[in-house]
1. Which of the following residues is small (G, A, S) and assigned to a strand (DSSP E or B): A11, A3, A26?
2. Determine, yes or no, whether V43 is surrounded by fewer than 17 Cβ atoms within 10 Å (Cβ to Cβ) and among the hydrophobic types (A, V, I, L, M, F, W, C).
3. Restricting attention to segment 46-85, which residues are in contact with a strand residue (DSSP E or B) (Cβ under 8 Å, 6 or more places away or on another chain) and polar (S, T, N, Q)?
4. Tell me, which strands (runs of 3 or more DSSP E) wholly within segment 56-130 include 3 or more residues that are over 22 Å from S141 (Cβ atoms) and out of contact with any helix residue (DSSP H, G or I) (no Cβ under 6 Å at 6 or more places or on another chain)?
5. Looking at (1) on the phi < 0 side of the Ramachandran plot; (2) at pLDDT below 95, which is the one condition that is false for G65?
6. Residue under question is A26, and the condition is that it be within 19 Å of the chain's Cα centre (by Cα) and in contact (Cβ under 8 Å) with a residue 12 or more places away in the chain; does it hold?
7. Would you mind finding the one in T28, T79, T71 that is within 30 Å of G123 (Cβ to Cβ) and either exposed (fewer than 13 other Cβ atoms within 10 Å of the Cβ) or within 16 Å of the ligand (Cβ to nearest atom) (or both)?
8. Looking at segment 9-25 only, could you name the residues that are closer than 22 Å to M110 by Cβ and either within 12 Å of the ligand (Cβ to nearest atom) or hydroxyl-bearing (S, T, Y) (or both)?
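The values are calculated or read from the model by the stated rules, or taken from the named source; none is laboratory data. In this text the structure is predicted, and so the values were computed from the model without any measurement. With ideal geometry, Cβ positions are generated from the backbone for all residues, glycine too; neighbour counts draw on all protein chains shown.
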Amino acid sequence: MSAVKYCPECAGKLEDRFVDGIERKACTSPGCDFVYWDNPLPVVAALIRYKDDIILARNAKWPEGMFSLITGFLEKQETPEQAVEREVKEELGLDSEIKGFIGHYSFFAMNQIILAFWVSADGELKTSEEITEVKLVPKGSSTRLGSAVSP
Ligand SMILES: [Zn+2]
């Protein structure tokens, strides 16, 4: 699913066409070979230890009861680690320190690759407008975590 409709090189119309075995958007103008590859977007996720708890947050757009790690898109010329620290500061008002890389997770439904990090955070919890609710889950608790991971 893509909102791209026109060629950024010649402004021609894009059509669905199989290129390298996958249906993609390709330019219809004669002589223009533009293909919109629609590569997955990297997204960072932070599993945050704050004091003795793990922080989960609910985005203002999400239904009641749905919580996630703090996530966000990488910005231009930003490393994943810098993106994590920026997002934790923006969304929760906390200073954070990367403790380790957890892993990468393909999220095909959103065309994203999620890079997850362990983070320890300090400071006074102060959420942005994007965050409606925060849940502090005691470390080692058996609380089932929500399934959504999306910026
Ligand atoms: Zn074109």
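1. Checking each option against the conditions leaves just A26.
2. So V43 does not fit the description; no.
3. N59, S68, T71
4. Ranges flagged: 95-107, 112-122.
5. It fails just one condition, (1).
6. The answer is no for A26.
7. Exactly one of T28, T79, T71 is within 30 Å of G123 (Cβ to Cβ) and either exposed (fewer than 13 other Cβ atoms within 10 Å of the Cβ) or within 16 Å of the ligand (Cβ to nearest atom) (or both), namely T79.
8. Of everything in segment 9-25, those that are closer than 22 Å to M110 by Cβ and either within 12 Å of the ligand (Cβ to nearest atom) or hydroxyl-bearing (S, T, Y) (or both) turn out to be L14, K25.
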